[in-house]
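Down below is the structure, laid out as structure tokens.
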Amino acid sequence: MRLCDMPLYQLSAMLDEKSISAKEIAQDVMKRIGEANATVGGYITILDEKEIMESAQKTDERIAAGARRSKIDGIPYALKDNMCTKGIRTTCSSKLLENFVPVYNATVYEHLINAGGVLVGKADMDEFAMGSANENSALSFTRNPWDTKKVAGGSSGGSSATVASGQAVFSLGSDTGGSIRLPASFCGITGFKPTYSAVPRYGVIAFASSLDQVGPLTKDIRDTAIVLDEIVKYDDKDSTSAKIATNYAQNLNNNIKGMRIGVDASLVEATDEDTKAAVLTAIEKFKEMGCKIVDLSFNHNEIMVAAYYIISSAEASSNLARFDGMTYGVRREGENVIDTYVNTRSWGFGPEVKRRIMMGTFVLSSGYYDAYYKKALQDRTLIKHNFDAAFELCDCVLSPTTIFTAYDAGKKLEHPTDAYMSDVFTPMANIAGLPAASIPCGFAKNGMPIGLQLIGNSYQEQTLLNMAYAYQQETDFHLQRPKMTGEGEKDEV
Amino acid sequence: MQISSDDVKRLAELSRLAFNEEEIAQMQENLVDMIQYADRVNATACDMQAKEHILPLHNVFREDVVQESLSNDEALKNAPESEEMYFKVPQVMEDE
């Protein structure tokens, strides 16, 4: 297997043993970018090779001096392009920010710098993280490495496709309603959305502040634990940041005997044939491992996605008001200041972003606030209450991540809400602020990956990690790699 | 729920967005579709307390201490237009 296709934990061990160098890993990842970037895409900005190699060189020097900083030290990674990187363009995949070069770092990036990670580039995304197929990117493109005619999922599509195709060893994405888990599911990798407040949001360009959370996309749940150990940290620049002591990688264990898994059968029933079969097989696997299945019946399935779109659009309309062309970003002059705002925003935002701003403005406007926004917030309380009750009966909740596997790119949608269908199982974790993972659990007949979602109680990341770890010890779906063009020349390790 | 083209124009004005006639018709259609979808929130009779936020946080304070900040040059680095140490923006106050 090529270095670029290996999981983080394995590369990290090889660096510690000095059987490879950080420069060799970086070189192989750069080589894969050369092979895959034209077909899979996934990046908006790729750093200069010289810069990447210098960063890897520094790791090699630290290793030689016996001062490796962390398991991430020397590992090439990608950051979703909504995380501010000082001196490196940060666009949110929007024309409005195509020239924006931050003068400060997002806290999560600062943590990865301190850990010694090797930043390779800024990953493509749906504009302002609004979308579920990565087809709303205004500046780049991303396709599914398993079949480049198909979508990678979104909105962290670039973060997912780059990892799945070996153009990065791991990445960070953000998840507002499923934007880490959905593309992880579509691309056959592991995606993790931590508990709301676990990972600092300072410097991450906001979509919906009460739902947004940053998390890792990786090839193996062990990698997830390693990355979480670096980014789950208190930050006094984020007023919602939690103080949690973490040692996820160290505490990872596969003894899940006696764990109670809640399943709402109606969610499994709602999926396509292949997904349903794979999820039912996974449930059997957990039973074999000594877990107990608890039947759940949520009464919020009908209202949940609607509540999510109301809350997220309302918050987006407010958050995106700051993009006015005055102090940063592109400005399109008008006759007066108001015209300049309007020209700038009308030129800079894409259609989906405009739809969400308009929808958000509608649900917050007088006369409709109580019927929509306030009602959605009441539903949020209901959903949280339902999960609180569920976690009295079980340790985690299992469901499919999506209804179907990755679909053809460029598919014309009759209604914008048709695209929201991809998101029916994921937003409940955001609404209730809960940690949730998507892990590979099979392949459809057409070869596309299928994802399994596990949702845990607040701050019970370790439970989810252990559940996923035990599952990955017993299955090999996460070990499969898509075939990349230009494969098979060398680099057998 | 009916949305007229005048409603769309009013929302556009509030959102600081401009649309041509064709885009207004399209947006009107989209909004009707989205609002119809959003109407599902009214499917259950839920009279629980509205929650803006999932965390039980109140009044998060930190010490008010002077810290290092951005330099003037850095703060203006992304400005579409600047002059000396200021952002330059279109005239905001009307002439008498």
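The values are calculated or read from the model by the stated rules, or taken from the named source; none is laboratory data. Values in this document were obtained by computation on a predicted structure and should not be read as measured data. Cβ placement follows ideal geometry from the backbone for every residue including glycine, while neighbour counts extend to all protein chains displayed. Just the protein is used for accessible areas: all its heavy atoms, side chains included, with ligands, DNA and RNA removed. Shrake-Rupley method; radii C 1.70, N 1.55, O 1.52, S 1.80 Å.
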Count - residues of segment A:460-477 that are surrounded by 19 or more Cβ atoms within 10 Å (Cβ to Cβ) and among the hydroxyl-bearing types (Ser, Thr, Tyr): 2
Criterion: within 30 Å of residue A:303 (Cα to Cα), open to solvent by 100 Å² or more (accessible area, probe 1.4 Å) and not aromatic (Phe, Trp, Tyr) - qualifying residue of B:38, B:45, B:50: B:45
Condition broken by residue B:81, with the remaining ones in (1) open to solvent by less than 100 Å² (accessible area, probe 1.4 Å); (2) at pLDDT below 95; (3) of a type in the set (Asp, Glu) satisfied: (2)
Residue selected from segment A:305-348 under the condition more than 7 Å from chain B (Cβ to nearest Cβ), of a type in the set (Phe, Trp, Tyr) and in contact with a Lys or Arg (Cβ under 8 Å, 6 or more places away or on another chain), by the criterion least open to solvent (accessible area, probe 1.4 Å): A:323
Segment A:101-126: number of residues that are within 11 Å of chain B (Cβ to nearest Cβ), open to solvent by 20 Å² or more (accessible area, probe 1.4 Å) and in contact (Cβ under 8 Å) with a residue 24 or more places away in the chain: 1
Options B:34, B:48, B:27; residue that is closer than 22 Å to residue A:433 by Cβ and in contact with a helix residue (DSSP H, G or I) (Cβ under 9 Å, 6 or more places away or on another chain): B:48
Selection within segment A:48-99 - open to solvent by less than 10 Å² (accessible area, probe 1.4 Å), under 25 Å from residue A:31 (Cβ atoms) and of a type in the set (A, V, I, L, M): A:52, A:56, A:72, A:75, A:78, A:79
Strands (runs of 3 or more DSSP E) wholly inside segment A:113-224 that include at least 1 residues being charged (D, E, K, R), at pLDDT 95 or above and within 23 Å of residue A:454 (Cβ to Cβ): A:170-175, A:190-193
Near pairs, Cβ below 9 angstrom, 6+ apart or cross-chain, from segment A:45-73 (in contact (Cβ under 8 Å) with a residue 60 or more places away in the chain) to any residue that is assigned to a helix (DSSP H, G or I) and aromatic (Phe, Trp, Tyr): A:71/A:9
Residue that is assigned to a strand (DSSP E or B) and open to solvent by less than 10 Å² (accessible area, probe 1.4 Å), where the choices are A:261, A:293, A:256: A:261
First in segment B:82-96 and more than 9 Å from chain A (Cβ to nearest Cβ), second anywhere and open to solvent by 100 Å² or more (accessible area, probe 1.4 Å) and not in a loop (DSSP other than H, G, I, E, B), Cβ under 9 Å, 6 or more apart: B:85/B:73
